[in-house]
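J.: Before I ask anything, here is the structure I am working with.
The values are calculated or read from the model by the stated rules, or taken from the named source; none is laboratory data. Source: prediction; values computed, not measured. Cβ atoms come from the backbone with ideal geometry, glycine included; neighbour counts cover every protein chain shown.
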Amino acid sequence: MRIENASALVAGGASGLGAATARALHDAGARVVICDLNPEKGEALAAELGERASFVEANVMEAAPVQAAVNAAAEVDGGLRISVCCAGIGWAQRTAGKQGPHDLEIFHNVIKVNLIGTFNVLRLAAAAMVDNEPDGGGERGVCVNTASIAAFDGQIGQVAYSASKGGIVGLTLPAARDLASRGVRVVTIAPGTFDTPLLAALPEEARAELGAQIPFPNRLGQPDEFAALARQIVENPMLNGETIRLDGALRMPPR
């Protein structure tokens, strides 16, 4: 998929991995619609990027606001061609412990934001893409999801988060198969430990310790490295139906 002059939607695009991806796609010539719950950060990023960038406030769990963001991206010539979903939340709690069983409402909320929210963006973006005119290679669009290596080796206390990210991994291949006849690809990135705003709140010593666990490179991942992979997925038509670990060979220990 050619990025230059293509229309792209980045959900969760106001900070962290999403902001880096929005910048990378914009730098490559895309028209980028940033979709996020945080209007202050989203509008600031759109203003920073300038021409070919805009912001739409939306909660990924809600159909109408996400549809509005999709519509904003789809109304340009050529229609919506690229969708990247980076929206998500985390939570740490054991299945059962001294405080009793895991909070069911919190488990439900993590699943709703991470898994159902991702699927909401995917289904609405794909529905817009299938009506596009195919490019020279028969492509109409590409959807990139964000899981986590916690989907494969989740740690103690990550039962809700791992379940939500495992669901994203699980839907990737069948979604790609669903959309294959329409020329729309679906690929998921499963990042390891990345230097995002979530980790920025930790003391530097704790951040360094997390980075030291990564075999090579022996540091936290950078959002630009996630964005570079997202861009490569968009540009490489043979990447489809796959979940790609981006983790520096990290295999997370139990705790």
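J.: Search region 6-26 for residues that are over 20 Å from L199 (Cβ atoms) and pair each with any residue that is modelled with pLDDT under 95 and part of a loop (DSSP other than H, G, I, E, B) when their beta-carbon atoms are under 6 Å apart and the residues are at least 6 apart or on different chains.
T.: Going by the 6 Å Cβ cut-off, the qualifying pairs are S7/V76; A11/A87.
Residue-wise test of (1) without any contact (Cβ under 8 Å) to a residue 60 or more places away in the chain; (2) surrounded by 15 or more Cβ atoms within 10 Å (Cβ to Cβ); (3) in contact with a Leu (Cβ under 9 Å, 6 or more places away or on another chain).
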site: P191; (1), (2), (3): no, yes, yes
site: A212; (1), (2), (3): yes, no, no
site: Q232; (1), (2), (3): yes, no, yes
site: E235; (1), (2), (3): no, no, no
site: L239; (1), (2), (3): yes, yes, no
site: P253; (1), (2), (3): no, no, no
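J.: Ok, one more. Residue check, A206 against (1) surrounded by 12 or more Cβ atoms within 10 Å (Cβ to Cβ); (2) not in a loop (DSSP other than H, G, I, E, B), all met but one. Which one?
T.: Failed condition: (1).
J.: Could you tell me how many of the residues in region 164-222 are among the acidic types (D, E) and within 30 Å of E105 (Cβ to Cβ)?
T.: Total meeting the criteria: 0.
J.: Can you confirm whether A53 is in contact with a Leu (Cβ under 8 Å, 6 or more places away or on another chain), over 19 Å from N120 (Cα atoms) and free of Cβ contacts under 8 Å to residues at least 40 places away in the same chain?
T.: yes
J.: Moving to a separate point now. Identify, please: which residue in region 190-211 is hydrophobic (A, V, I, L, M, F, W, C) and modelled with pLDDT under 90 and is, among those, nearest to L171 (Cα to Cα)? Can you show your working first?
T.: At the first step, the residues of region 190-211 found to be hydrophobic (A, V, I, L, M, F, W, C) are 190, 194, 198-202, 206, 208, 210.
Narrowing further to those that are modelled with pLDDT under 90: 198-202, 206, 208, 210.
Working: L198: 26, L199: 27, A200: 30, A201: 32, L202: 32, A206: 34, A208: 34, L210: 29 Å.
Looking at the filtered set, the residue picked out is L198.
J.: Right, another one. Can you tell me which residues in region 47-65 are hydrophobic (A, V, I, L, M, F, W, C), under 18 Å from the mean Cα position of the chain (by Cα) and not in a strand (DSSP E or B)?
T.: A58, V60, M61, A63
J.: Just for region 130-175: of the residues that are closer than 18 Å to R231 by Cα and over 13 Å from the mean Cα position of the chain (by Cα), which one is surrounded by the most Cβ atoms within 10 Å (Cβ to Cβ)?
T.: This residue is G141.
J.: Moving on to the next point. Do any residues in region 114-139 that are closer than 21 Å to E235 by Cα have Cβ atoms under 8 Å from those of residues that are buried (at least 23 other Cβ atoms within 10 Å of the Cβ) and modelled with pLDDT under 95, where the two are at least six apart or on different chains, and which pairs are they?
T.: V121/A87
Conditions tested, residue by residue: (1) closer than 19 Å to G79 by Cβ; (2) in a strand (DSSP E or B); (3) of a type in the set (S, T, N, Q).
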site: R123; (1), (2), (3): yes, no, no
site: D131; (1), (2), (3): yes, no, no
site: G138; (1), (2), (3): yes, no, no
site: V144; (1), (2), (3): yes, yes, no
site: A160; (1), (2), (3): no, no, no
site: S181; (1), (2), (3): yes, no, yes
site: L198; (1), (2), (3): no, no, no
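J.: Now a separate question. Of a type in the set (V, I, T) and assigned to a helix (DSSP H, G or I): does that describe T188? Before you say what the answer is, go through the steps one by one.
T.: Working: of a type in the set (V, I, T): yes; assigned to a helix (DSSP H, G or I): no.
Considered against the rule, which asks whether it is of a type in the set (V, I, T) and assigned to a helix (DSSP H, G or I), T188 comes out as no.
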